[in-house]
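Presented below is the structure to which this report refers.
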Amino acid sequence: RSHVNTGVEAKQLSESLNTMIDKINALLEQVKKEQIRIRKAEFELLQAQINPHFFHNTLVTIRFMIQMEEYNEADRALLAFSKLLRKSFVNSQKIIPIREELAMVEDYLELMKLRYRDKFQWKILAAEDVMELGILKNVIQPLVENSISHGFNMKDDMGHIVICAYRIKESVIIEVEDDGVGVDLEKINNSIHNQQTVKAGDQLNGIGLSNIQMRILRNFGSQYGLSVEVNSSGGVTFRMNIPVIQMEGVNS
């Protein structure tokens, strides 16, 4: 800002300059608020796209059980589903502790076990120093869903899923590894980067993958994100890289 107090012309120029600065600052603040509003709307849209997909798949599973007259299993599935919904909607915050995210994933796996009996086993390996750090809500479950749908539907013997969470310096790494039959790696990468439309009936949950990537990029920047590779067992390993998020005051 200008603080000229002597000379009529200089003073008028100073006042005009300050008025222009005030208007620019007001416009910058308006743009900032608008960007925050847009980011919030985009996040809510991406979140809404993930949840209906999961709801649909779960209801199809329960319907399948009823058709097969597996009423006890259907009852257990409904109870597990209601438990998962309760955890999902009680906490409306977009960032939750990794401990809570993994608990919801375990509820999901219990639900899927009722459908894919004797088809897969799982193990969760999370380092103690990451359990209370933050993570975007509902980003691990779609990865597990892909491991189940693409990895074990065509597999004759027992499948395995290993979920790992650990810290490397200022990053948290989440890995979901399976020993399934594998998929087209290029197809998965195209889905992650939203370059391919997933067809109806496709086993790959491309909507979930692209949404995870978009949410990570929009919240944390391009140095973070989702990647995929074929592992030594011939299955797929999804790897998520996010920053270290301390939960104190993060959702305030």
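The values are calculated or read from the model by the stated rules, or taken from the named source; none is laboratory data. What you are looking at is a predicted structure, and each value in this text was computed from that prediction instead of being measured. Positions of Cβ are backbone-derived with ideal geometry, glycine not excepted, and every protein chain shown enters the neighbour counts. Only protein heavy atoms, including side chains, enter the accessible area calculation; ligands, DNA and RNA are left aside. Shrake-Rupley method; radii C 1.70, N 1.55, O 1.52, S 1.80 Å.
Just a few scattered comments:
- Using a simple spin-label model with pseudo-atoms 7 Å out from Cα toward Cβ, N189 and S16 lie 5.7 nm apart.
- Between R239 and S82, the modelled label-to-label distance comes to 4.2 nm, taking each label 7 Å out from Cα in the direction of the beta carbon.
- The residues of segment 140-179 expose on average 37 square angstrom of accessible surface per residue, using a 1.4 Å probe on protein heavy atoms.
- For segment 110-155, the fraction of 1.4 Å probe accessible surface lying on carbon and sulfur atoms is 48 percent.
- Counted by Cβ distance under 14 Å from N231, the other residues give a net charge of -4, where Lys and Arg count +1 and Asp and Glu count -1.
- Neighbours of A165 by Cβ distance under 13 Å: Lys/Arg scored +1, Asp/Glu scored -1, total -4.
- Short-range pairs are left out: with C-alpha atoms under 8 Å and at least six residues apart, the relative contact order of segment 124-195 is 34 percent.
- Calculated FRET efficiency for the pair H56/M131, C-beta based, R₀ 35 Å, to 0.05: 0.70
- Listed by chain and number, the aspartates and glutamates placed with their C-alpha closer than 19 angstrom to that of K113 are E69, E70, E73, D75, E101, E145, D156, D157, E177, D178, D179; residues fewer than eight positions away on the same chain are left out.
- Distance between modelled label sites at V230 and D118, nm, 7 Å Cα→Cβ extension: 3.1 nm
- Local electrostatic count at P243 - Lys and Arg +1, Asp and Glu -1, tallied over other residues with Cβ under 11 Å: +1
- Mean Cβ neighbour count within 10 Å, used as a protection proxy, ranking 22-29, 212-219 highest first: 212-219, 22-29
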